[in-house]
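For reference, the structure discussed in these notes is given below.
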Amino acid sequence: MRKFRMSNSRFQFSQFNIGTLKVLFGKRFQAYWRFLFAFSITLVLMKFNFDFVDSYLYDLRMRLKPTTNTSGLIETIAIDSQTLDKLHRSPNAVDHVELLKKLKAAQVKAVIYFIHPGEVVGSLEEQQEFANEAQSIEHFYIGINDVWPHSQDFAYLPHPPFQKIKTLSAPYTSDRKLGAKDDVTRRMITSFQGEDVLHTLIAKMIRNEKHSRELIKGEFSYYASKQVLIDFHPSKTYPQISFSNLVVPDSDFSEDSLQKRFKDKIVLIGRDIPTTVDDYVRTPYSRDVIAMSALELHANMLDTLILNTAIQNSPQWINLISTGLISLLTIYVVLTLAPSTGLLILLGALSIYTFFSILMFWIFHINIDLSHPLIAIFVCYYFFIPYRLIIENRKSWEYFEKNKLLVQVEELKTNFLSMMSHDLKTPLARIQGMADVVLSDTQSLSLKQKNALETIRKSADELIEFISSILNLGRIESKDLKLNLKSKDPNQIVEEVIQKYEFLANTKNIQIQKELEPMFSIKMDIDLMRQVLSNLLENAIKYSPENSKILVSTEERDGFVYIQFTDQGSGIQEEEIGQIFTKFYRSKKHKTSSIKGSGLGLYLAKYFVELHHGRITVDSSPGQGSSFSVELPVSDPEKL
Ligand code: ADP
């Protein structure tokens, strides 16, 4: 009793704590708390840059992007390994003069050199001729991988004889010290200190011709420069011709084919010799140090501006809202849903968001922030899981305490019932005996007295039956029930049981039919089996209407003995079939009817049959009668 009181006070203490928690995190406050947490986490996260994750996801989307058309205006001529092989040296001033002559004849729009003409080998006269040839092309530029303040233009004046050729800043960048620091080229400078770089100037020239006055899309300020994100095409998208193919005597190109290929084109000339790593860049497509030649990169940069297809970063407020919403969803999911459902919902939301961002990248070239929402999920998840665990722990402790209490109550109940039953058994037997003694004296009793005595006798019988069920239940629960196995022909027990209940069946004019297949004896606990079969036959009679039939059949099949009781009674509702074998269960219909019962019969029957390694099954539907079947193994249950 003391123990009981102690656990009860502990239970109250836990309730107090949960009560306090409930006030703190009550329904009304919960929503505010969650919102506040989500908002704060979002604000904190937005303060950080997750460039590494960001750039990885950016590159992934770039790789997944379907390839788009180029402007078709760009041709590249490369001094490549093939050129060195064929000429047995680097092209000299004479070769360049020849190339420029051919390009001029083919009426190119512009020629851009990404190699400095001053570095080309040749005599003074040859170099002069090279310079003259270059000057005679209207749009001839030298692109230098550098930026310089406008005030220092003189510093980059080429040496004579190239001093009159326009030298423009054509820088390419990579995330070496800033951003993801992975040395990948993603951005390009469009202007430095307000001065357009070479790509911007050329693109504007082309777009002006096409009367396009659109601003450069996706341009953003970055220190002293303006930049855009390059709309990359996979490596080898732009047509490239080896320098040697144009200058050797047996060149593949006739005048006609040269004109066809180069007319009105912007021709980029540069190096593509993989021994010089500096002439290459890493791209979102590949992190290889020679993933793309600088020459091809310039083509990509130029085309991004000509086509105005730079990738645009989504506005900061969209990133803020999406991160906030995802944080809120994660907090809600972690705190309220079952872990597996929660995880599914989060994965679903994340997939939808990722898919949406991929679509926006593909269709509108918009780079939606993925890193912050993704990291928000992880942060919220790991932040709130411990909190959820505390709540769950408290709940299970509460259940545990309740359960303990219930078990104690159940124990008390069973103990009380078996004690009562035991003590009631002797006086009841005495009542039975005395009733029998008085009943045997048929002379001195009036009919009324005889009926009263018979009622006393019947009630005592019912009470004895109820008491023995309770005692059996006690035995089951204290687990001190051992099978007392003896060999017996199951048909004999069936016959005995039928005989016992014949009188009861006759009172309702119920006919019991037998179909008993002859069989050998099997080992079983005869007393327990008698109780099982008695209960089934008694139920069949109890729950059958007057003037109906009950079929009792036995057969032996596949190593099992089947004993079946089929009645034409009220039947059992489908939803109750699963419950009739549970302790104290009586169907709703019979609970209130005059048919008496404890609800223990089938529970005990199932337990006893299963002790024999057998099975008890029922097939029934309302109004169609019921068929209960007991299956017992032919072999010795103790050896199973
Ligand atoms: P009870 O003492 O109530 O008969 P049982 O455990 O033997 O307890 O049976 C449980 C319940 O199953 C009964 O209350 C009754 O509703 C239903 N039931 C059992 N046998 C039959 C039957 N032959 N026909 C219809 N209902 C039955």
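The values are calculated or read from the model by the stated rules, or taken from the named source; none is laboratory data. Just so it is clear, the model here is predicted, and its values are computed rather than measured. Backbone-built Cβ (ideal geometry, glycine too); neighbour counts: all protein chains shown.
Could you grab me the full set of residues in the stretch 276-299 that are among the polar types (S, T, N, Q) and surrounded by fewer than 24 Cβ atoms within 10 Å (Cβ to Cβ)?
If the condition is that a residue be among the polar types (S, T, N, Q) and surrounded by fewer than 24 Cβ atoms within 10 Å (Cβ to Cβ), then 276, 286 are the ones that fit.
How many residues does the stretch 611-640 contain that are more than 23 Å from residue 575 (Cα to Cα) and surrounded by fewer than 21 Cβ atoms within 10 Å (Cβ to Cβ)?
Here the count works out to 11.
Which ones in the stretch 368-384 are exposed (fewer than 15 other Cβ atoms within 10 Å of the Cβ) and among the hydrophobic types (A, V, I, L, M, F, W, C)?
Answer for the stretch 368-384, where residues must be exposed (fewer than 15 other Cβ atoms within 10 Å of the Cβ) and among the hydrophobic types (A, V, I, L, M, F, W, C): just 378.
In the list 577, 526, 550, which residue meets the criterion of being aliphatic (A, V, I, L, M), touching a strand residue (DSSP E or B) at 6+ places or on another chain (Cβ under 9 Å), more than 11 Å from the ligand (Cβ to nearest atom) and touching a residue at least 40 places away in the same chain (Cβ under 8 Å)?
Matching residue, one of 577, 526, 550: 526.
Go through the stretch 341-367 and report how many residues are over 23 Å from the mean Cα position of the chain (by Cα) and buried (at least 16 other Cβ atoms within 10 Å of the Cβ).
5
Identify all residues within the stretch 197-215 that are modelled with pLDDT of 90 or more and either under 15 Å from residue 308 (Cα atoms) or part of a loop (DSSP other than H, G, I, E, B) (or both); write none if there are none.
197, 199, 200, 201, 202, 203, 204, 205, 206 - these are the residues of the stretch 197-215 that are modelled with pLDDT of 90 or more and either under 15 Å from residue 308 (Cα atoms) or part of a loop (DSSP other than H, G, I, E, B) (or both).
Do we find a residue being surrounded by fewer than 16 Cβ atoms within 10 Å (Cβ to Cβ), at negative phi, more than 12 Å from the ligand (Cβ to nearest atom) and among the hydroxyl-bearing types (Ser, Thr, Tyr) anywhere in the stretch 584-605?
Yes, the stretch 584-605 contains at least one residue that is surrounded by fewer than 16 Cβ atoms within 10 Å (Cβ to Cβ), at negative phi, more than 12 Å from the ligand (Cβ to nearest atom) and among the hydroxyl-bearing types (Ser, Thr, Tyr).
Mind checking which residues of the stretch 529-547 are within 16 Å of the ligand (Cβ to nearest atom) and part of a loop (DSSP other than H, G, I, E, B)?
543, 544, 545, 546
State all residues of the stretch 169-196 that are over 43 Å from the mean Cα position of the chain (by Cα) and either buried (at least 19 other Cβ atoms within 10 Å of the Cβ) or at pLDDT 90 or above (or both); if no residue qualifies, say none.
169, 170, 171, 190, 191, 192, 196
May I ask you to list pairs of residues, at least six apart or on different chains, whose Cβ atoms are under 6 Å apart, with the first in the stretch 612-632 being without any contact (Cβ under 8 Å) to a residue 60 or more places away in the chain and the second being hydrophobic (A, V, I, L, M, F, W, C) and near the ligand (Cβ under 10 Å from one of its atoms)?
618/628; 620/572
Assuming residue 216 fulfils every condition listed in (1) under 50 Å from the mean Cα position of the chain (by Cα); (2) over 23 Å from residue 67 (Cα atoms); (3) surrounded by 17 or more Cβ atoms within 10 Å (Cβ to Cβ); (4) among the β-branched types (Val, Ile, Thr) apart from one, which condition is it?
(2)
Looking at the structure I just gave you, is residue 59 farther than 30 Å from residue 207 by Cα, of a type in the set (Asp, Glu) and either part of a helix (DSSP H, G or I) or at pLDDT below 85 (or both)?
no
Which residues, counting only those in the stretch 553-574, are away from the ligand (no atom under 11 Å from the Cβ) and either touching a Pro at 6+ places or on another chain (Cβ under 7 Å) or without any contact (Cβ under 8 Å) to a residue 24 or more places away in the chain (or both)?
Result: 554, 557, 558, 559, 560, 561, 563.
Do we find that residue 377 is in contact (Cβ under 8 Å) with a residue 40 or more places away in the chain and under 22 Å from the mean Cα position of the chain (by Cα) in this structure?
yes
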